[in-house]
Amino acid sequence: MFEHYLWQNVYGGVIALAGTGSAVEAATILGMVFSSLSLGLAYLTTTALYVLLIDKTPLKLQAQAGAFHSAFAARFGGMVTTLALAFSAPFWVAASRVNFYAIYLFWMLVCAYLMLRFMANGSLPLLFTTALLYGMGMSQSATMILFSPAFIGMAFLGLVRAEKLNYLTAVLASALAVVGWVALFLVSLYGFEGTRGYALMEFWGETQLGMSMLRSLFAGVLHSLPRSGWLIILGLVSLPWIAWLIVSFRTLNGESGPALTALDLAILVVTLVVVLDSRVSPWQFFGFLPEQVVLYTMAAMSLGYCFTAAYMRTVCLLSSRTEHPWLVAAGKATRIALVAAAGVLIAYEVGIGYVHAETRNTRFIHVYVDRLLDNLKGRTWLVTDGVFDDMLLLRAAERGMELNLIDLANASSAVQKKLMKEKLDSARLKNSLDIGALSFLQEWIESDPKVTRKLAFCLFPDLWSIGDYKVYPHGLVFFGEDRASDAESAQIAGAENVARYFALMDEMEVELATVSDRSARMVKALADTVRRRVSFIGNNLGYFMETHGHAAEALDIYRRVHAFDPKNVSAMLNFASTLERTGLKDELAVVRTEIETFRKSQKKPLQIWELSRTQGYVNSPEAFSYLGWTWAMSGQNTIALKTLAMALGNQYEYGTTELMLAMADIYARQGETGETASILETLLKDDPDDVKSLLSLARLKMVNGETEEAKTLLDKARATGVPASRILREEATLLLATGDLEGAKTALAALIAEAPRDADARLSLYLALARDLGKTKDEAQRKALLAKMEAQIEEMARLPDARYFQAAIARGHYRLVENDLPGAREDFLVANKTSPGLVPILEIILRIDYNLKDLGMARQHAVEILQIAPDHPFANYIMGSIALSRGEYDSADAYLEKSIARDASVLATGDLAYVKFKLEDIERALDLVTSALGRTQEIYEIWDTYGQILLKQNRLAEAEEALRMALKLNVRNPAVHLHLAQVLARQNRRDESKAVLEQIQPFESSLYGEERRDYDALWLEVFGTERKKAENK
């Protein structure tokens, strides 16, 4: 909000007046001031509304009595509204937190009060002032746009009532609203342009900024009702508020009946549900949302109406029976009772609101943040989940510490990426940020040998394993340590470090004890988060001690952590397993009872990998196997493999085979056939009859073309008693690998006859038919094969489990054969959605994007691939080409270097040559372009790059030859003509250069940036006059 031009200047003024340098403090003070003013306006507005609605002589009372009761009822309703709003939790929170909803509420109430005054006296200046102010408000607040129909209706009724409704008045009021809207919108737009926020969001001009502001406004209108819980807002707040506004004139002036009475009771009940904070109230359902202050203002007005209506229907009715003095006395008693009831209700609301808004017992957050900063030991980068980031940055600034946060919860934020890029020098690191936060961390940890002295983690300690570092806890953070060094390990395992952690835990226990069950829900949630963070560190410290041979110390840590946080299941499981190994049966029985109680309380099974990520490592092979696979399935294969390797290092008595098979599968997904084969061969040495290893290794041998070895492995698998159908599948794959299409088709047909619902077999048969199609020239045979392929697709589409994967892949391939690229892409996208993260499918989609010249989709899919396989050559080429098209040469250089490191394709080599030329690395550019031309001479861009390099080296004759070759391949490209004109001008062949420039002139609009400047400069040099003057001649 501090980047908002209006509020930035308002807060700046407050800071100047108050003499405080804290923007947060100024914003909080301003919020309190506007909230207080809003309460006064809420009273004035609702009182004015009730006065307007109530007849001066209700129920035919005498004029004096009627005026008294009308005024009392209006003020009574206004006071109930004001107090109900003042003590509602959302209002308390909004008034004491940094936000601008209190300002918008004040703005809207000012307009409402002025409009009601206009309706009361018909003053046109009041109407015009209100229109201008409300129009200005609509340029800033979606809420004011939503309420605009109500204000238009009030203006119409006021004009009718004052008998001043005419075209001129309506047009003038509308024009003032539009002027106000446009004026403040433009002030905000031009004020924001050029600010820090404008630069971070990378707007390229007023038009884009204006459209972004408009989209933001109208998105607020369109999404004013959330997708989940919209009925709560509509049914409990909006509809009751609209209902009483419609019937209020009748109910407040003596009209009654069963329908109206039932409606008023319904409004009262529904409003009490909101005001008294039941479980279905917006506050309970949505949690802390400052914008709820508007909803609770509406609910408070509904409550005020209910008490006003009750007063008019009881007190006024009884007071009108002057012939019965006892009824008049009853009226007075009823008035006292209504006031008392309102008082009790408000007092109860005070108690509820206080519980939710009271945040003074949050010192534990300050202590946690301070201790975390103490633990960094000079490191300036911290990986977090965003929960305490604001506090961390504020406290670091107050302590004069440099601190850069990497918030994994908001890692996709363009603004956060921009801020982080400003602090980085490496183009490769900047590029990795565009791919994602995890890709950035992987690139940094792998490439920077000093990263362990710069970076720390609050969570996700597994990420250190990316760079083959050991992970160790230090206070409230995790550091990385070179595996070759044991210095840090010795320190961590030392008694002093364990004692330091226990002292930290004791300190946090004292601070967290100030939070009780009666504390605000938000405070309790933050306290649970802090407690979980401390126990997470402690559990992993215990794991560290246990796996480094300090079992007694580990047991003590697990015991203390379990006492500190009984909800940490990882610590409870580790505590139990350690007790079992040490033979402490009595204590073990108690812990096992707690585990069983916890298990029964779970509504769904708690996954063990989830524990490892959120509550700390569980020291078992199953846990690490699951954890490794979850990292792999999320595309983080490096972390998965390092996690499994760490588990293997623990030398478990059981479960080793499962860990190694998981590693082999993950290596296979990456295409690392050598590593996969090595693991499988190791497993077969220990157990030569392991069926899974035999079949996996046989499949790998087929992929590598080692067919004889694959046959031998299949024979061994057959001898172990593997079902014939399973062997048949592998043999069909083997036949495909050896090029025996007929044999493969026969085997697959037999397999399908035995298992008609085997979608994988049908997909393999389809691919065999497709390979046949590629070899066939005979048209009749092609038609027959296409028909068989279509039949297989139809059969797969009938299988529910195959419709969106195998059938989609086959259909996509078929459409590629038919050259239907858009259709093929849609099918492969369906397959990718069904089984996301498969790089071969993503690469097919990316190549289709490239052929369709759809750069937007190409970038999206390239990023998706690079999140899984950071070194993928084609994805890096695509990202480099896109960066090159934007003139981001450093970025393009880093992407293209990674691309040619794995696959030096002609296209990537040619593009990199041009990038090196632009970066003034002429020798490297010349080597690259020569290499590219050695493989193909049919790409004009490479010849154009070669010509520019030769021009730079002043080898003019060779440059001319290269550029004329480029024009031979593409005569319509104006940039190549320009480069040729430059060569001719350098050779003093001015007439020829003029002729080339004149050829460019019809297409000069396609030149931009540096090329356009070169064109204008060359024109001036050759013609001796500016280009526009030459045109005039």
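The values are calculated or read from the model by the stated rules, or taken from the named source; none is laboratory data. Quick caveat: nothing in here was measured; it's all calculated off a predicted structure. Counting neighbours? That spans all protein chains shown, and the Cβs are built from the backbone with ideal geometry, glycine included.
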Unique match (being surrounded by fewer than 21 Cβ atoms within 10 Å (Cβ to Cβ) and either assigned to a helix (DSSP H, G or I) or under 24 Å from the mean Cα position of the chain (by Cα) (or both)) among GLY880, GLY856, GLY812: GLY856
ALA791, sole failed condition from (1) surrounded by 16 or more Cβ atoms within 10 Å (Cβ to Cβ); (2) part of a helix (DSSP H, G or I): (1)
Answer residue from region 448-479, given it is modelled with pLDDT of 85 or more and small (Gly, Ala, Ser) and is nearest to GLY538 (Cα to Cα) among those: GLY475
Residue that is farthest from the chain's Cα centre (by Cα) [pool: residues in region 370-385 that are surrounded by fewer than 19 Cβ atoms within 10 Å (Cβ to Cβ), part of a loop (DSSP other than H, G, I, E, B) and of a type in the set (D, E, K, R)]: LYS377
Test: residue in region 989-997 that is closer than 30 Å to SER905 by Cα and at pLDDT 90 or above: no
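For (1) of a type outside the set (Phe, Trp, Tyr); (2) modelled with pLDDT of 90 or more; (3) within 30 Å of ILE882 (Cβ to Cβ), each residue gets a yes or a no:
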| site | (1), (2), (3) |
| --- | --- |
| LEU765 | yes, no, no |
| THR776 | yes, no, no |
| GLU795 | yes, no, no |
| ALA824 | yes, yes, yes |
| SER835 | yes, no, yes |
| LEU838 | yes, no, yes |
| ASN851 | yes, yes, yes |
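Inside region 245-263, can you point out the residues that are of a type in the set (Val, Ile, Thr) and surrounded by 17 or more Cβ atoms within 10 Å (Cβ to Cβ)?
Hits for region 245-263 are VAL247, THR251.
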Flag if ALA901 is at pLDDT 95 or above and under 20 Å from GLU888 (Cβ atoms): no
Residue in region 815-823 that is of a type outside the set (Gly, Ala, Ser), over 30 Å from LYS783 (Cα atoms) and part of a loop (DSSP other than H, G, I, E, B) present: no
Every pair of residues 6+ apart whose Cβ atoms lie under 9 Å, when the first sits in region 434-461 and is without any contact (Cβ under 8 Å) to a residue 60 or more places away in the chain and within 20 Å of SER412 (Cα to Cα) while the second is part of a helix (DSSP H, G or I) and aromatic (Phe, Trp, Tyr): ILE445/TRP464
Filtered residue count, region 544-580, keeping only those that are within 23 Å of GLU596 (Cβ to Cβ) and either within 37 Å of the chain's Cα centre (by Cα) or not assigned by TED's automatic domain parsing to the domain that holds VAL591 (or both): 17
Qualifying position, being under 21 Å from LEU728 (Cβ atoms), over 45 Å from the mean Cα position of the chain (by Cα) and among the basic types (Lys, Arg), among LYS745, LYS775, LYS783: LYS745
Any hit, region 1005-1018, residues being crowded, with 18+ Cβ neighbours inside 10 Å and part of a helix (DSSP H, G or I): yes
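Condition check ((1) farther than 23 Å from LEU295 by Cα; (2) out of contact with any Leu (no Cβ under 6 Å at 6 or more places or on another chain); (3) at pLDDT below 90) across all residues:
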| site | (1), (2), (3) |
| --- | --- |
| ILE54 | yes, no, yes |
| PHE68 | yes, yes, yes |
| GLY77 | no, yes, no |
| SER88 | no, yes, yes |
| VAL98 | no, yes, yes |
| MET108 | no, yes, no |
| MET115 | no, yes, no |
| SER139 | no, no, yes |
| LEU146 | no, yes, yes |
The listed residue being more than 23 Å from the chain's Cα centre (by Cα) and surrounded by fewer than 17 Cβ atoms within 10 Å (Cβ to Cβ), out of ASP893, ASP903, ASP827, ASP849: ASP903
Residue among ALA981, ALA957 that is of a type outside the set (D, E, K, R), touching a Leu at 6+ places or on another chain (Cβ under 6 Å) and either part of a helix (DSSP H, G or I) or at pLDDT 95 or above (or both): ALA981
Enumeration of residues in region 888-943 that are touching a Pro at 6+ places or on another chain (Cβ under 9 Å), assigned to a helix (DSSP H, G or I) and of a type in the set (D, E, K, R): LYS898, ARG902
Residue match in region 811-829 (condition: farther than 19 Å from ILE435 by Cα, of a type in the set (S, T, N, Q) and touching a residue at least 24 places away in the same chain (Cβ under 8 Å)): no
Helices (runs of 4 or more DSSP H) lying entirely in region 95-190 (those with 3 or more residues that are in contact (Cβ under 8 Å) with a residue 24 or more places away in the chain and more than 44 Å from the chain's Cα centre (by Cα)): 101-121, 148-161
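To keep it simple, each residue is scored yes or no on (1) outside any helix (DSSP H, G or I); (2) outside the structural domain of ASP389 (by TED's automatic domain parsing); (3) modelled with pLDDT of 85 or more; (4) farther than 16 Å from LYS898 by Cβ.
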{"residue": "GLN416", "(1), (2), (3), (4)": "no, yes, no, yes"}
{"residue": "MET420", "(1), (2), (3), (4)": "no, yes, yes, yes"}
{"residue": "ASP425", "(1), (2), (3), (4)": "yes, yes, yes, yes"}
{"residue": "LEU429", "(1), (2), (3), (4)": "no, yes, yes, no"}
{"residue": "SER432", "(1), (2), (3), (4)": "no, yes, yes, no"}
{"residue": "PHE440", "(1), (2), (3), (4)": "no, yes, yes, no"}
{"residue": "GLU446", "(1), (2), (3), (4)": "no, yes, yes, no"}
Failed item in (1) closer than 24 Å to LEU884 by Cα; (2) part of a loop (DSSP other than H, G, I, E, B); (3) among the β-branched types (Val, Ile, Thr), with ILE1000 passing the rest: (2)
Qualifying positions in region 489-512 - out of contact with any Lys or Arg (no Cβ under 8 Å at 6 or more places or on another chain) and modelled with pLDDT under 90: ALA490, GLN491, ILE492, ALA493, GLY494, ALA495, GLU496, ASN497, VAL498, ALA499, ARG500, TYR501
Residues of region 681-694 satisfying the condition of being over 12 Å from LEU713 (Cα atoms) and either in contact with a helix residue (DSSP H, G or I) (Cβ under 9 Å, 6 or more places away or on another chain) or among the hydrophobic types (A, V, I, L, M, F, W, C) (or both): THR682, LEU683, ASP686, ASP687
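Have a look at GLY158, GLY153 and point out the one that is at pLDDT 75 or above and touching a Phe, Trp or Tyr at 6+ places or on another chain (Cβ under 6 Å).
On inspection, the qualifying residue turns out to be GLY158.
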Any chance PRO258 is modelled with pLDDT under 90 and within 33 Å of the chain's Cα centre (by Cα): no
Output for region 392-410, where each listed residue is within 14 Å of TRP381 (Cβ to Cβ) and either of a type in the set (Lys, Arg) or without any contact (Cβ under 8 Å) to a residue 40 or more places away in the chain (or both): LEU392, LEU393, ALA396, MET401, GLU402, LEU403, ASN404, LEU405, ILE406, ASP407
Residue list for region 860-877, restricted to those being under 18 Å from LEU907 (Cβ atoms) and either aliphatic (A, V, I, L, M) or in a loop (DSSP other than H, G, I, E, B) (or both): ALA862, ILE865, LEU866, ASP871, HIS872, ALA875
